[in-house]
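The values are calculated or read from the model by the stated rules, or taken from the named source; none is laboratory data. In this text, all values refer to a predicted model and were calculated from it rather than measured experimentally. No Cβ is skipped: glycine too gets one built from the backbone with ideal geometry, and neighbour counts run over all protein chains shown.
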Amino acid sequence: MMKFSALVERIAGEGADAWVTHYEARRAQERGEDVILLSVGDPDFDTPDVVRERAIESIRAGDTHYTPATGRLPLREAIARLHTARSGQAVTADQVVALSGAQNALFASSLCLAGPGDEIIAIEPMYPTYPATIEVSGARMVRVPAPPARGFRIDLEALAAAITPRTRALFLATPSNPTGVITHAAELDVIGDLAMRHSLWIVADEVYAGLAPGGRVPSLATRMPDRVVTIGSLSKSHAMTGWRAGWIVGPRPFAVHVEALVMCMLFGLPGFVQEAATVALGISAEAEGRIRDYCAARRDFLLAELAGAQRLSCCVPEAGMFMLIDVRGTGLSGYEFMRGLYESERVSVLDGGAFGPQTSGFVRVCFAAEESVLREAAARIRRFAATLPQPKARTARSS
Ligand SMILES: Cc1ncc(COP(=O)(O)O)c(C=O)c1O
């Protein structure tokens, strides 16, 4: 009998089912089959040339050795500047740690802020890695809804009611994945009051901030500099998902603990990635503007292509590269719709249930794709929805 730690149980499996269709579709696409993949949040264009050139140049120059574990100073300074521009909070480079993507930063926050016996609140629907990332620390995750009936805005009363003496932190993605909802300043005021009253940390996952109007989202960092941890990365805003270039910004005592964790977990990003990331941060305004405009145009395009689709309704996102489609009118769950659509039309979308029960009657579509791809995908989605039997008829048959 092989023995493993209790930790492996805590991180096992959650959300894995949702990706089965995506991986199946990817394999089919690699075999050259006619498959449309809208299931993953990866912009369909390349990292800017100057960024790629810098990495190549840096490798050629021999930048392939160990680096300072928390990131080179010019990189941390560039991150600090972007953070200040976005949030208005003045920070220094020693409040910044460069990490391997926002995912790595979420993991570090969880381990540094909570442990067994503690609770961390997360807003649901949530990015599918959150449950394991939060519970890996030993803390219990408490879900607070941002339900469809409220336009996916946080139920602030439920949030207040969910806080207990064990609550240590609130994990909040703004703009949200999958809803594209930005937490507004008035909502943050309420959240800030609760956090101050109960001495909570706010972990603000701003990985999509560059895709929000003006490239920024309202933040609590200025109001609560000792309680807010801000997470970002170049993945979405610069089409750099594969580079694994992200960061965490927080009060210095927090950064000290992240640094200690980095020493035993990561030991520094590759030098050529850091050099490329520094160049990328230097062209942020232009790179983000390009993706933002691209996403806004594709969102409107997809909305127009899906207008009038039978029994489907699109939830218009405020920002980001995803749109939820409400499939409850078909009588199918998000999972059933995802499977049926893939099997009959070879379009891969993601079951909303992967983000929690609030979105189990939805599917998530990534619209950061060419218009021709979106047009064809929308035609197939409409055809699939139109061929489904009336929900009542199916219920009668199955009962
Ligand atoms: C809300 C959210 N947080 C974090 C991440 C992870 O991003 P990164 O590629 O920077 O690790 C994602 C990726 O999709 C995300 O949607």
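Residues of segment 188-220 that are surrounded by 18 or more Cβ atoms within 10 Å (Cβ to Cβ), out of contact with any Gly (no Cβ under 8 Å at 6 or more places or on another chain) and among the acidic types (Asp, Glu): ASP205 alone. Are any of the residues in segment 283-306 within 14 Å of the ligand (Cβ to nearest atom), part of a helix (DSSP H, G or I) and closer than 30 Å to PRO68 by Cα? So far as segment 283-306 goes, no, none of its residues is within 14 Å of the ligand (Cβ to nearest atom), part of a helix (DSSP H, G or I) and closer than 30 Å to PRO68 by Cα.
Looking at GLY268, GLY246, GLY250, just one residue is closer than 16 Å to VAL97 by Cα, away from the ligand (no atom under 15 Å from the Cβ), in contact (Cβ under 8 Å) with a residue 40 or more places away in the chain and buried (at least 24 other Cβ atoms within 10 Å of the Cβ), and that residue is GLY250. Considering segment 318-329, the residues that are outside any strand (DSSP E or B) and over 14 Å from the mean Cα position of the chain (by Cα) include one that is farthest from ARG153 (Cα to Cα), namely GLY329. Scanning segment 31-71 for residues that are of a type in the set (Asp, Glu), loosely packed, with under 15 Cβ neighbours inside 10 Å, at pLDDT 95 or above and over 18 Å from GLU376 (Cβ atoms) turns up ASP49, GLU53, GLU57.
The set of residues in segment 72-82 that are away from the ligand (no atom under 15 Å from the Cβ) and either surrounded by fewer than 19 Cβ atoms within 10 Å (Cβ to Cβ) or under 23 Å from THR129 (Cβ atoms) (or both) comprises LEU73, PRO74, GLU77, ARG81. Residues in segment 147-156 include none that are aliphatic (A, V, I, L, M), surrounded by 22 or more Cβ atoms within 10 Å (Cβ to Cβ), in the same structural domain as TRP243 (by TED's automatic domain parsing) and touching a Phe, Trp or Tyr at 6+ places or on another chain (Cβ under 7 Å).
Per the listing ALA239, ALA185, ALA260, ALA276, the residue uniquely surrounded by 24 or more Cβ atoms within 10 Å (Cβ to Cβ) and in the same structural domain as ILE123 (by TED's automatic domain parsing) is ALA276. For the structure I just gave you, tell me whether GLY138 is away from the ligand (no atom under 16 Å from the Cβ), touching a helix residue (DSSP H, G or I) at 6+ places or on another chain (Cβ under 9 Å) and on the phi > 0 side of the Ramachandran plot. When the stated conditions are applied, GLY138 passes them. Only one entry in ARG244, ARG227, ARG216, ARG197 is at positive phi and among the charged types (D, E, K, R), namely ARG244. Residues that are away from the ligand (no atom under 13 Å from the Cβ), among the acidic types (Asp, Glu) and under 23 Å from THR183 (Cα atoms) within segment 85-135 comprise just one, GLU119. In the set GLU275, GLU288, only one residue is acidic (Asp, Glu) and within 19 Å of PRO74 (Cβ to Cβ); that residue is GLU275. A count restricted to segment 143-191 and to residues that are of a type in the set (A, V, I, L, M, F, W, C) and either assigned to a loop (DSSP other than H, G, I, E, B) or touching a His at 6+ places or on another chain (Cβ under 8 Å) (or both) stands at 6.
Restricting attention to segment 203-243 and to residues that are touching a residue at least 60 places away in the same chain (Cβ under 8 Å), part of a loop (DSSP other than H, G, I, E, B) and charged (D, E, K, R), the residue that is farthest from the ligand (Cβ to nearest atom) turns out to be ARG216. Report whether or not SER199 is part of a loop (DSSP other than H, G, I, E, B) and farther than 26 Å from PHE322 by Cα. When the stated conditions are applied, SER199 passes them.
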